[in-house]
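A.B. asks: Just passing along the structure, written as structure tokens.
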Amino acid sequence: MSEEKPQTPPMTIANSEQEWLDEQVRRTIWTGPWNKFIDLVDLIYNWGRRNSIWPLGFGLACCAIEMICTSATRFDIARFGMELFRGTPRQADLMLVSGTVTKKMAPAVVRLYNQMAEPKYVVAMGACASGGGPFKEGYNVVSGVDKLVPVDVYIPGCPPTPQALLYGLMQLQKKIDKQSIRDAAWYRKGVSEGVPEPILGPDLIDARRLDEITALSADPEKLAARAVKLATKGKKE
């Protein structure tokens with residue numbers, strides 16, 4: 001029996017110089033859908049960012065000790081490319097809020113966040129940074145750093161262990177993997193406004209709500225109704 005030879009596709013000869021040029025362009029230049037090209041760029045772009053996150057080197061309370069332990073040799077945070085703690089916010093893209101955020105420290109935290117370059121991320125490490133912790137009812141404690149800046153990952157614990165911090169950083173890597181330059185905030189047109197620093201007075205004043213505060217101050221009835229509402233809410237809790 002004679003073996004059947006595989007049929008080779010017939011050779012196509014370009015009829016004109018333009019067809020030949022189109023064929024060369026098709027072979028050497030990307031001519032697929034634009035969305036597929038963006039997906040490829042996202043894959044490479046996010047892979048580089050997720051493995052080269054530079055945290056900002058500062059701590060607020062006891063959770064900072066666990067953060068320092070994580071950067072030691074036993075836990076080897078360098079596996080994730082995050083061991084390079086920077087001493088200036090202009091060289092960092094991750095803020096690890098490790099500890100209690102007091103109202104006196106709040107303006108400094110917001111100022112550091114605004115000085116970080118995009119893309120930037122915030123991790124609330126521990127119960128105090130996430131929601132105030134055991135000091136939530138304190139007159140001088142902010143009930144969570146998310147009252148000041150946007151938070152990407154929350155890590156529970158008081159304090160969380162180094163293993164918990166590494167797990168939280170891996171969750172941040174997963175979030176970075178899902179981002180795309182199509183809808184990234186730092187690639188939009190126009191100038192992005194930073195988070196306004198809270199005004200430190202008898203209490204923290206959010207500069208974004210100055211109009212609302214001024215309107216309440218000018219209307220005693222609304223101010224009294226607001227006070228009753230807050231008092232009722234406190235009793236329910």
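A.B. asks: Once Lys and Arg get +1 and Asp and Glu get -1 on their Cβ, which of Val149, Tyr187, Leu169 lies farthest toward the positive end of the dipole of region 137-190?
C.D. replies: Most positive-ward Cα: Tyr187.
A.B. asks: Can you send over the solvent-accessible area of Lys36, 1.4 Å probe, protein chains only, in Å² to the nearest 10?
C.D. replies: So the heavy atoms of Lys36 present about 120 Å² to solvent.
A.B. asks: Measuring from label point to label point, each 7 Å out along Cα→Cβ, what is the Val195 to Phe80 span in nm?
C.D. replies: It is 2.0 nm.
A.B. asks: A follow-up question, please. What accessible surface, in Å², does a 1.4 Å probe find on Leu40, ignoring ligands, DNA and RNA and rounding to the nearest 10?
C.D. replies: Its accessible surface works out to 80 Å², give or take rounding.
A.B. asks: Also, I was wondering about something else. Sort Glu66, Glu118 by accessible area with a 1.4 Å probe, largest first.
C.D. replies: Glu118, Glu66
A.B. asks: Using a 1.4 angstrom probe on the protein heavy atoms only, line up Arg226, Arg90 by accessible area, largest first.
C.D. replies: Result, largest first: Arg90, Arg226.
A.B. asks: Please report, in debye to the nearest 20, how large the charge dipole of region 73-126 is about its Cα centre when each Lys and Arg carries +1 at its beta carbon and each Asp and Glu carries -1 there.
C.D. replies: So the magnitude is around 240 debye.
A.B. asks: Could you give the length gained on full extension between Phe37 and Asp211, defined as 0.36 nm per residue of separation minus the Cα-Cα distance, in nm?
C.D. replies: Extra length available between Phe37 and Asp211 comes to 58.0 nm.
A.B. asks: Relative contact order, percent, of region 129-168 when contacts are C-alpha pairs under 8 Å separated by at least 6 residues?
C.D. replies: Normalised by residue count, the contact order of region 129-168 is 34 percent.
A.B. asks: Rank these residues by their accessible area, most exposed first, probe 1.4 Å: Ile176, Ile44.
C.D. replies: Ile44, Ile176
A.B. asks: Using only C-alpha positions, report the orientation-averaged shadow area of the convex hull of region 40-97, nm², one decimal.
C.D. replies: 4.4 nm²
A.B. asks: Next question, about the same structure. Give me the accessible area of Glu221, 1.4 Å probe, in Å² rounded to the nearest 10.
C.D. replies: Approximately 150 Å² of Glu221 is accessible to the 1.4 Å probe.
The values are calculated or read from the model by the stated rules, or taken from the named source; none is laboratory data. Just so we're clear, the structure is a prediction, and the values are computed from it rather than from any experiment. Here Cβ is always computed from backbone atoms with ideal geometry, including for glycine, and neighbour counts include all displayed protein chains. When the accessible area is computed, the model is the full protein with side chains, heavy atoms only, and any ligands, DNA or RNA have been set aside. Shrake-Rupley method; radii C 1.70, N 1.55, O 1.52, S 1.80 Å.
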